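Student: One structure, as C-alpha cells, below. Some questions next.
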Amino acid sequence: RFRNHLLITGVDPFKWTLTLCLLCKYTPLSNHTYTKAVLCSSLARYTIYSSLYMRTSLLLWVSFEFLFSHVFPQVNVRVTTMDAELEFAIQPSTTGKQLFDQVVKTIGLREVWYFGLQHFDGKGYSTWLKLDKKVSSQDVKKGNPLQFKFRAKFFPEDVSEELIQEITQKLFFLQVKESILTDEVYCPPETAVLLASYSVQAKFGDYNKEVHRPGYLLSEQLLPHRVQEQHKLSREQWEERIQVWHEEHRGMLKEDAMLEYLKIAQDLEMYGVNYFDIKNKKGTELHLGVDALGLNIYEKEDRLSPKIGFPWSEIRNISFNDKRFIIKPIDKKSPDFVFLAPRLRINKRILQLCMGNHDLYMRRRKPDTIEVQQMKAQAREDKHQKQMERAQLENEKKKREAIEKEKEQMEREKQDLMMRLYQFQEKTKKAEKDLQDQQQRAMMLDQERRRAEEEAARLEKERQSALLAKEELARQAESQKKSQEQLAAELAEHSAKITLLEEAKKHKEQEADTWQRKAREAEDDLNKTKEELHMVMMAPPPPPPPPVYDHMDDNSDNDENISMHSADLHVEGINDHRNEEDRLTEAEKNERVQKQLKALTSELAQARDESKNTQNDLLHSENVRAGRDKYKTLRQIRQGNTKQRIDEFEAL
C-alpha cells in the first residue's frame, strides 16, 4: 500500500524504501519513536513543498502509520500517579525499570527508592511490577492501554527527616490522605478533623473570609465516611469545625501543611503497614505486619495493637519454600520463626517487602550518600528561596494593604466631608424655613395683640362697673356683720361649755377602763398560781441519779480491725539499631498539637453516637485508656530475647 501511494504521487519508491531500511537498521530499538518522528517530518516537508502532491499527503501519512505499526509494534501504557495520568507507548522489549525510569523522569522525582508500579494480575490480585523483567512478559491484567498505579511501596520512619523533595512529600501526602479517607488506615475522629484542617491549608492556603465563603468545603471529601456517620453533625457543622482549625494555620506554607499532615499521620497505628494473613504451626489465624521498623504479629481481629515484634536488626535471613515462610534470627540460639501463608504469591510479596524495608532500614542508619546530601542541600536552598520569596510577597502584601487602607481612609474622610456638607445644607434650608415660620407667627401674634387690647378695654369698663357694685354690696354687708358677730359670741360661749363637759366625761371613762384592766390582770395571776400549785401536787417523785462509770477502756479493742527463595539481611556497620523504640508521637512532642487534639476530643464527644462505634474504635479507646501509643506498644512487644518472642508466637 505504501509503495502504491508513492507511485501515485510520483515519488521513487526505491528511494523511500532504502531510506526507511537504513534508518531501521542503524537506529536502536529504544529510539524507534525518534525514527518515526524523523520519517514523518521528512514526509511532511516533502508534501508541503510539493504543491502537486498536497492532496495525497493525508493518504501517505495513513499508509506510513500502518507500515510503522507493523515494523515496530508498540504497547500502550497508562500510569496513574496520585495527581496525574501519564500515557506512554513502549516496545515489547521494554523492562519494568525502563518504564519506571520514564515515569520518575517525567514527574521530576529523585527519591525513587520508596516507589513502585502497582497493577492487577490476571487473577485480579494487586501486585508490583518487577523492574528487572520485561513488562510484556509479566502477568499484567489485559487491556489497552495497560493500567499501572505509581504508588509508595515503602514508607519512611520519620517523614520530617527522610522525605527531601517537595514532589516526594506531595505524593506521600496524597497517598496517605487517600488511605485515611477510605478507612484503609484507621484514624480516630479528633485526629481526622485536625488532619482535614491541614489538608485544607495545603489546598487553599491561608484562610480568607472574603474568598472562602460559607460552603467552600462542602464539595471536598475531608473526613472518612465512618467519622461522619458516628457523629450527629451536618456537613455545615463539620465545615465550621474544620474552618476554625484552618484559621489556626495562618502563615503556614502549603508544603509545610503537607509535612505537618504526614508527621501526625505517621503516628497512626496502621500507617505504612502491609498486612498478610498467616498461620502459626498450631494453625491459629493471625496477621503479619511488614513495615519500616520490622515484622509484627497481630491477632486476627486486631490490626491496631501488635502482640509480638521483631525489628529488622534481629533478622539475618528470610526465605520461603512453597507456602512455608522461614525467618532466621541473628541469635543463633533462637529457633527459626516459621509461619504459613495461604498462597505462594503472598510469600513472594512478603519477601520483596522484607528485603526493601530492610534495605531502607539499614540505609537510614548509615551516613547519607553524596546524592542524598546534594538533594538535602538543594532542598534546603529551595526552601530558603521560597521563604525569601514568601517574605517578599508578605512585605508587598502589607504595603499594598497599607496603601489600600490609606485609600479607604481617604475615601471615608471624603464621605464624611460630603456628609457634613449635606448636613450643613440641610441645616441652612431648615433655618430658612424656620425664619419664614417665625415671621408668619409674628404677624399672627400682632393680630392677636390688637384683639387682646380691644378685649382689655372692654374688660376694663366691665371692671369699673363691677367695682361700683362691689362697694354697694360692701356697705350692705357691713350692717349685717354687726348682728352676726353678736350671735357668734353667744354660740361660742355655749360651744365652750359643751366641750368642757365632753372632756370630763372622757376622762372618767378612761379611769374606769384602767381599773377594769387591773382587775382582769389580778384575776389572771390568781388562776395561774392555782394551776401551778395543782401541777406540783400531782407530779411523781424524781428518779434516783444514774450510776457513774469509768470510760477509760471503752475503745481498747479498736486497734485489732484491718517454592524456595532466600535472602540474607546484613546489619553490620550501623549504629543505633533500635532508636525507634524511644520515639515520641507528634502529640507528645508538640504541645500545640496536643492541645488541639484534646479540644477536638471534648468537642466531638458531645455529638458522638456511641452505638455506631466500630471494632477499631473500641480497640483505640482501650489503648487510650491504657496510655498506649504506637511506640510504647513497640517497646512492649519487643521485650525479652528473640527466643522468648518466637515461643510466644508459637503459643498464640
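The values are calculated or read from the model by the stated rules, or taken from the named source; none is laboratory data. Just so we're clear, the structure is a prediction, and the values are computed from it rather than from any experiment. In this analysis, Cβ positions are derived from the backbone assuming ideal geometry, glycine residues included, and neighbour counts consider all displayed protein chains.
Student: Have a look at Val176, Val200 and point out the one that is farther than 30 Å from Gly294 by Cβ, modelled with pLDDT of 90 or more, among the β-branched types (Val, Ile, Thr) and not in a loop (DSSP other than H, G, I, E, B).
Tutor: Val200
Student: Can you tell me which residues in the stretch 109-132 are among the polar types (S, T, N, Q) and surrounded by 15 or more Cβ atoms within 10 Å (Cβ to Cβ)?
Tutor: Gln118, Thr127
Student: Follow-up. Is it fair to say Tyr275 is at pLDDT 95 or above, over 15 Å from the mean Cα position of the chain (by Cα) and not in a loop (DSSP other than H, G, I, E, B)?
Tutor: yes
Student: Still on this model: Where residues in the stretch 229-264 are in a helix (DSSP H, G or I) and in contact with a Lys or Arg (Cβ under 8 Å, 6 or more places away or on another chain), which of them is nearest to Ile327 (Cα to Cα)?
Tutor: Tyr261
Student: Then there is this: Do you know which residues across the stretch 570-581 are part of a loop (DSSP other than H, G, I, E, B) and at pLDDT 75 or above?
Tutor: Passing the criteria: none in range.
Student: Now, a different point. Only one of Ser305, Ser334, Ser319 is part of a strand (DSSP E or B) and surrounded by fewer than 21 Cβ atoms within 10 Å (Cβ to Cβ); which?
Tutor: From the options Ser305, Ser334, Ser319, the qualifying one is Ser319.
Student: Can you find a residue that is under 28 Å from Lys612 (Cβ atoms) and in contact with a strand residue (DSSP E or B) (Cβ under 8 Å, 6 or more places away or on another chain) anywhere in the stretch 223-231?
Tutor: Among the residues of the stretch 223-231, at least one is under 28 Å from Lys612 (Cβ atoms) and in contact with a strand residue (DSSP E or B) (Cβ under 8 Å, 6 or more places away or on another chain), which makes the answer yes.
Student: Ser126 - would you say it is in the same structural domain as Phe148 (by TED's automatic domain parsing), under 27 Å from His358 (Cβ atoms) and modelled with pLDDT of 55 or more?
Tutor: yes
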